[in-house]
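Have a look at the structure below before the remarks.
The values are calculated or read from the model by the stated rules, or taken from the named source; none is laboratory data. All values derive from a computational prediction rather than experimental measurement. Heads up, the Cβs are rebuilt from the backbone with ideal geometry, glycines too, and the neighbour counts pull from every protein chain shown. With ligands, DNA and RNA removed, areas are computed over all heavy atoms of the protein, side chains included. Shrake-Rupley method; radii C 1.70, N 1.55, O 1.52, S 1.80 Å.
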Amino acid sequence: MARLSVNLNKIALLRNSRKTGVPDPAAFVPLAARAGAQGITLHPRPDERHVRRTDVDAIAAAMEGMRPACELNLEGYPDARFLEIVRAVRPEQVTFVPDAPDVFTSDKGFELDAAQTTLVREALAALEGIETRIVLFIDPDPAVVPRVAEIGAHGIEIYTGSYAEAWKAGRHAPLLDAAAKAALAAKAHGLVVNAGHDLNLDNIPPLVAAIPHLAEASIGHELTADALVMGFEGAVAAYAAALRGERREG
Ligand SMILES: CC(=O)[C@@H](O)[C@H](O)COP(=O)(O)O
Ligand SMILES: NCC(=O)COP(=O)(O)O
């Protein structure tokens with residue numbers, strides 16, 4: 001059964017729209033844990049459009065006593081700025097993404113061409129000695145998986161944005177099949193299999209059925225939107241149940 005890691009980016013985005021500090025993203029850590037989340041994900045982007053560097057420290061502090069059972073997962077482009085945050089906070093998991101600083105949102109995974117391979121190898125070397133699980137964000141493409149293993153990362157996070165978009169049109173089968181093949185290849189290489197981006201209560205069930213060894217899904221945008229209707233703890237509980245493969249009533 002897959003763990004739920006709640007991404008607090010969008011709570012921080014709402015907080016940034018005023019100068020009052022409301023809502024406080026750190027206040028949602030105990031609420032998420034109480035409702036069944038087994039992780040918190042943050043993506044401190046360079047432009048601090050949502051999660052700020054100070055949020056990472058505040059949320060790590062709010063997780064005091066909860067870690068490592070409830071994991072902190074930091075996502076980011078593996079540059080010196082991000083690696084400094086990782087070294088300072090020492091999260092249980094780091095997810096490297098290939099995002100440009102001005103990207104609208106994460107919209108693709110690593111292909112691991114020569115340049116990206118060098119970038120990731122250098123980042124892995126920079127984190128030598130820091131006990132953290134290093135995961136690479138990849139498209140649902142089994143061909144990339146052997147390169148992830150060869151580089152020495154510990155896992156993959158399958159980008160599910162294209163799957164979620166195709167699901168809306170009922171044309172998600174090919175992407176689901178590709179994701180399942182990538183997940184099987186990762187399992188064969190001893191890699192952890194995570195997933196994330198645009199996952200919601202409708203498109204999670206086929207994904208967890210296709211990838212029974214899915215370890216974790218990090219979910220923020222759609223969960224936060226659902227929380228406006230269901231309440232935050234209700235939404236977290238519903239997403240955690242969906243990742244456990246439990247069917248929704250009604
Ligand atoms: C890597 C990924 O798919 C998401 O975790 C990402 O954090 C979303 O970024 P925004 O919240 O900035 O859209
Ligand atoms: N890695 C995916 C993530 O953390 C959240 O993505 P989304 O649910 O906000 O699209």
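For segment 170-217, carbon and sulfur atoms together expose 61% of the accessible surface, with a 1.4 angstrom probe and every protein chain in place.
Residues considered: 183, 60, 195. Largest GNM mean-square fluctuation over the chain, using C-alpha springs under 10 Å, is found at 60.
Counting Lys and Arg as +1 and Asp and Glu as -1, what is the net charge of the other residues whose Cβ lies under 12 Å from the Cβ of residue 120? Surrounding charge for residue 120 is -3. In whole percents, the pair-distance distribution calculated for segment 92-175 from its alpha-carbon pairs, binned every 5 Å from zero, is 3, 14, 23, 22, 18, 11, 5, 3, 1, 0.
For segment 2-109, the solvent-accessible area works out to 43 Å² per residue, with a probe of 1.4 Å and every protein chain left in place. Can you compute log10 of I(q)/I(0) for the chain with the Debye formula, treating each Cα as one identical point scatterer, at q = 0.10 Å⁻¹? Relative scattering, expressed as log10 I(q)/I(0), comes to -0.44.
Here, segment 70-126 is characterised by an Rg to Rh ratio of 0.96, where Rg is the alpha-carbon radius of gyration and Rh the Kirkwood radius.
Computed on the Cα trace of segment 107-232, the radius of gyration divided by the Kirkwood hydrodynamic radius gives Rg/Rh = 1.00.
In deg cm²/dmol, rounded to 500, what helix-only [θ] at 222 nm does the chain give when every DSSP H run of at least 4 residues adds -39500 (n - 2.57) and the total is split over its residues?
Helix contribution divided over all residues of the chain: -12500 deg cm²/dmol.
Taking GluC sites (Glu not before Pro) as exposed when DSSP calls them loop and at most 11 other C-beta atoms lie within 10 angstrom, the chain has its longest site-free stretch at 132-248.
Partner lysines whose Cα lies under 28 Å from the Cα of residue 108, excluding those fewer than 8 positions away in the same chain, are identified as 10, 168, 181, 187. Plainly put, segment 38-155 has a radius of gyration that is 0.95 times its Kirkwood radius, both from alpha-carbon atoms, as the Rg/Rh ratio. The Cβ shell under 14 Å around residue 198 holds other residues with a net charge of -4, Lys and Arg each +1, Asp and Glu each -1. Taking 168, 187, 19 as the candidate residues, the one with maximal mean-square fluctuation in a Gaussian network model of the chain, Cα springs under 10 Å, is 19. As a fraction of the 1.4 Å probe accessible area of segment 26-145, surface on carbon and sulfur atoms comes out at 55 percent. Placing pseudo-labels 7 Å out from each Cα toward the beta carbon at residue 130 and residue 16 gives an inter-label distance of 2.1 nm.
Take every Cα pair under 8 Å whose residues are at least 6 apart in sequence, average their separation, divide by the length of segment 3-243, and the relative contact order is 20 percent. Averaging Cα coordinates gives a centre for segment 27-78 and one for segment 111-157; these two points are 22 Å apart. Across segment 169-205, the residues whose backbone nitrogen lies under 19 Å from the label position 7 Å along the beta-carbon direction of residue 225 are 169-172, 196-205.
Estimate the FRET efficiency between residue 84 and residue 249 by the formula 1/(1 + (r/R0)^6), using the beta-carbon distance for r and 30 Å for R0, to the nearest 0.05.
On the way: r = 46 Å, r/R0 = 1.54.
For residue 84 and residue 249, the calculated efficiency is 0.05.
Structure remark: mean-square fluctuation, Gaussian network model of the chain, C-alpha springs under 10 Å; the largest value among 164, 149, 37 belongs to 149.
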